[in-house]
Amino acid sequence: MDALAMGGYGAYVWSCFAMTFAVFVFNSWRARVRHRAVYRDLEVRIKAVEERL
Amino acid sequence: MRPDDNMPGLLSALYASARRDLLLAWKRPGDILNPLFFFAMVGTLFPLAVGPSVEQLQFIGPGVLWVAALLAMLLSLNGLFLADFEDGSLEQLLVSPQPLVLLALGKTVAHWLTTGLPLVIISPLMAVTFHMPPQSIGVLMLTLGLGTISLSLLGSIGAALTVGLHRGTALLSLLILPVGMPVLIFGARSVSLAAAGDTYSAGVSALAAYAVGALALAPYATAAALRISNE
Amino acid sequence: MLTFLHKMASPPHFYGLANTLGPWLAVPGYLLIAFGAFAGLFVAPPDYQQGDAFRIIYVHVPAAYLSMMAYMLMAVASGIGLIWRIKLAHAVAAAAAPLGAAFTLLALATGSIWGKPMWGTWWEWGDPRLTSELILLFLYFGYMALRSAIDDTVKADKASAVLALVGAVNVPIIHFSVEWWSSLHQGPTLVKEGGPAMDPAMLYPLLAMIVGFTLVFGAQVLRRIRTEVLYRERRTNWVRHMILTPEGES
């Protein structure tokens, strides 16, 4: 339990680590989502052009 | 007649560019007066807002005046290339046989003469409203002089990058901020130190070095930025 | 060697290479971070001055370090793109910026939180590094704002490249000016200037975190570069071919 308390500084230490974790997760997720969105959008456009040919 | 005949030399190109902008500013005194008025306004509004305590005003004086000068320069920088951009003269500058670096430098020099120098000249008046001790007024003028030179030079890069952009002014302010910070720090703190009777040479030397560096390098960046924005 | 570099600068090659390289950076990176965090939180002994609060160093320092590395990457890539006209280099700069800004924000937030129990305030202007980080954030914002204000990609690349380079020259100057300014009245600093004169049990987790952060940053920036490349090259044949050929895309 004193791991959680961190000598009284628990809130500070854990919020920092949580924030860091959140940033990493967000960066990773955002990059993935964006890539997929760009890819899907291109797929639609290019396949539409192909249909017409 | 060969094209080389009557081709103006480099120095006269610089001079011609500066002279042109000076004449234009002379015809529109508002361009010169606006930043000055802003500077004076800040100088009078602050004492009114914080109260007449001499000690307090002396304390905040250097900082407030320096920030006011920085903001005044910022406001005027936006118009550095804007008028020329709008009426097509900027394109003429770009295709001119004279080196763009010198033409841009000429405009920057004119900008300093019409904005920076007047700020330096009326700064003693503003110093009085903040009850600043006499030994600090000279330092105020010196730091403002050196600082505004750097700001004109470095600001012209930002102005060139943002000319004609939507919301250019706000963007320009954001771009200038990191660049203007060392100038602000060295300038304002040197004046504070001088007011307190301490040695201030470190800050002033830093400002001088910064100005020299800016003079040597900024015009090239400005010219490159002008070309990029106008392709 | 030169042919390797030449190949690297080619978007389709880089696109494929970045895809395979990504996991090789991400997996060791995350493992190192996990190890570093665990050791930093539970194994390293508490600091005799700051107690357990010093453990924030294990996220604050890597974040700050990366915020600067990302900017350097951005500036160097911008320079390469500007001087040698390599499109891919500009894509690298564009990809690195948001990540760098994120780490800068993280460094500022963790620095501020660390400061509260240490100095009693959420912000301390006297700490030169914190103030420099704030200015770095403005540099990032300016770069991203300029990029988004210019519609034409090539123009945006070049303009932001000039900005990145001018900013890069200014970073040491800014740092120097802030140090001078805060030295005028001794302000407390977050990280002791002693640096690696730390107890090894404290140091190793920190090193692990720094390397781990860097590796993960590398993986994330590679992924972002791939997206940039995909978008920029959307009208080329290789992209068309890649999309039309049925294959698993991540």
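Converting phi to 3J(HN,Hα) with the Karplus coefficients 6.51, -1.76 and 1.60 and the offset θ = phi - 60°, segment B:124-139 yields x, 4, 5, 4, 5, 5, 9, 6, 6, x, x, 5, 8, 5, x, 5 Hz in sequence order, with x at every glycine or proline.
Classify segment C:1-97 from the C-alpha gyration tensor, please: rounded if a/c falls under 1.5, else prolate or oblate depending on whether a/b exceeds b/c. It comes out prolate by the Cα gyration axes. Placing dummy labels 7 Å off each Cα toward the beta-carbon, the span from residue C:20 to residue A:43 is 2.4 nm.
Counting alpha carbon pairs within less than 8 Å and at least 6 residues apart, what relative contact order, in whole percent, applies to segment B:10-229?
Once divided by the residue count of segment B:10-229, the mean separation gives 28 percent.
Residues of segment B:48-92 falling in the label zone of residue B:41, defined by backbone nitrogen less than 17 Å from a point 7 Å along Cα to beta-carbon, are B:48-49, B:65-79. Here the Kirkwood formula puts the hydrodynamic radius of the protein assembly as shown at 25.8 Å, using every distinct Cα pair. Give, as ranges by residue number, the residues of segment C:13-40 whose backbone N falls under 18 Å from the point 7 Å along Cα→Cβ of residue C:84. Only C:13-15, C:17-18 pass the distance filter. Using θ = phi - 60° in the Karplus curve 6.51 cos²θ - 1.76 cosθ + 1.60, the 3J(HN,Hα) couplings for segment C:199-212 round to 3, x, 4, 8, 6, 4, x, 5, 4, 4, 4, 4, 5, x Hz; x is entered for Gly and Pro.
For segment B:37-79 and segment B:94-161, what is the separation of their C-alpha centers, rounded to whole Å? Going from one Cα centre to the other spans 16 Å. Sparsely packed loop sites in segment C:14-118 (the chymotrypsin sites (Phe, Trp or Tyr not before Pro) outside DSSP H, G, I, E and B with at most 16 other Cβ atoms within 10 Å) comprise C:48. What you get for chain A, charging only the Cβ of Lys and Arg (+1) and of Asp and Glu (-1), is a dipole of about 300 debye around the Cα centre.
Couplings for segment B:154-163, taken from phi via the Karplus curve 6.51 cos²θ - 1.76 cosθ + 1.60 with θ = phi - 60°, read 6, x, 5, 5, x, 4, 5, 5, 9, 4 Hz in order; Gly and Pro are left as x.
Cα-Cα over 21 Å: which of A:47/C:158; C:7/C:155; C:87/C:158; B:107/C:158? With Cα atoms farther than 21 Å apart: A:47/C:158; C:7/C:155; B:107/C:158.
A simple spin-label model places the labels of residue B:55 and residue B:166 5.3 nm from each other, with each point 7 Å out along Cα-to-Cβ. Residue separation of residue C:155 and residue C:48 scaled by 0.36 nm, minus their Cα-Cα distance, works out to 33.1 nm of gained length.
Rounded to the nearest 20 Debye, what is the dipole magnitude of the protein assembly as shown about its Cα centre when Lys and Arg each give +1 and Asp and Glu each give -1 at the C-beta? Present the calculation step by step, with values, prior to reporting the outcome.
Working: 34 positive and 31 negative charges, 265 e Å.
For this selection, approximately 1280 debye.
The overall shape of chain C is oblate: from the C-alpha gyration tensor, with semi-axes ordered a ≥ b ≥ c, the ratio a/c is 1.5 or greater and a/b is no larger than b/c. Per-residue mean of foreign Cβ neighbours for A:43-49 is 3 (Cβ atoms of other chains, 10 Å radius).
Starting from the alpha-carbon convex hull of segment B:1-148, give the projected area averaged over all orientations, in nm².
For segment B:1-148, the mean projected area of the Cα convex hull comes to 10.2 nm².
Residues within the reach of a label modelled at residue C:176 (point 7 angstrom out along Cα to beta-carbon, backbone nitrogen below 17 Å), restricted to segment B:204-231, are B:204-218. Remark on segment C:70-152: ratio of C-alpha radius of gyration to 2.2 N^0.38 Å is 1.33.
Readers should treat all values here as calculations from the given coordinates under stated rules, not as data from a laboratory. None of the values given here were measured: they were computed from a predicted structure. Note that each Cβ is placed from the backbone with ideal geometry, even for glycine, and that neighbours are counted across all protein chains shown.
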